[in-house]
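Colleague: Structure provided below as structure tokens; questions to follow.
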Amino acid sequence: MRHTRLEHRFVKHAPDLLEPGILYISMEYCTVTHSCCCGCGEEVVTPLGPTDWKLTFDGETISLWPSVGNWTLKCRSHYIIDHGRVLKAPPLTKRQIAAEQRRNGSAKASHYNPDKVPDRIEAVSDAAASLGTSSQSGALNRWSKVKEWIRKRWRR
Ligand SMILES: [Zn+2]
């Protein structure tokens, strides 16, 4: 591990030529970019998001979670960025890499799949169905009946 400490810069875009030892943070594009801490110079991009990396800024230093596992790079380095420090993590085994890719894929699928209806919306439409509306009358119609019902109760 050539770089054991990282400084950070808040930028709009990461520059074409990354300076090693610097984390480039773009809030606008929700990405963190840096030159691989092993010193190989490869660009590492970690997107920020509910199913991706989470960034913590304590006013002085940056932490990123989960760890950065560069298994697509030749160096296959794996480290944790914690309070601006780079902590070496044990190399990932093939099985761990496969599990991580599966986890990431399924987390993404359930987070971004618009067909997956959260349970509480289903509960609301169940409540609507029990108000005597026909089950054939679509969720949207049922939802507007619920709203109407809530509005009536509110006026009382
Ligand atoms: Zn590397």
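We did not get these values from a lab; they are worked out from the coordinates using the rules stated. It should be emphasised that the depicted structure is a prediction, and the values quoted were computed from it without experimental measurement. No Cβ is skipped: glycine too gets one built from the backbone with ideal geometry, and neighbour counts run over all protein chains shown.
Colleague: Could you sort the peptides 59-66, 41-48 by per-residue average Cβ neighbour count (10 Å cutoff), highest mean leading? The partial results should precede the final answer.
Modeller: Values: 59-66: 13.8, 41-48: 15.2.
Answer by packing, highest mean first, reads 41-48, 59-66.
Colleague: Residue 108 label point, 7 Å along Cα→Cβ, cut-off 13 Å on backbone N: hits in region 26-57?
Modeller: 46-53
Colleague: Then there's this: For region 1-122, what is the charge dipole size about the Cα centre, in debye to the nearest 20, if Lys and Arg each add +1 at the Cβ and Asp and Glu each add -1 at the Cβ?
Modeller: Details: 16 positive and 14 negative charges, 115 e Å.
Rounded to the nearest 20 debye, it is 560 debye.
Colleague: Could you run the Karplus curve 6.51 cos²θ - 1.76 cosθ + 1.60 with θ = phi - 60° over region 12-26 and give me ³J(HN,Hα) per residue in whole Hz, x for Gly and Pro?
Modeller: Values per residue, Gly and Pro as x: 7, 10, 5, x, 5, 9, 7, 7, x, x, 10, 9, 9, 10, 10 Hz.
Colleague: Using the Cβ atoms and a cut-off under 15 Å, what net charge is assigned to the surroundings of residue 30, where Lys and Arg are +1 and Asp and Glu are -1?
Modeller: +1
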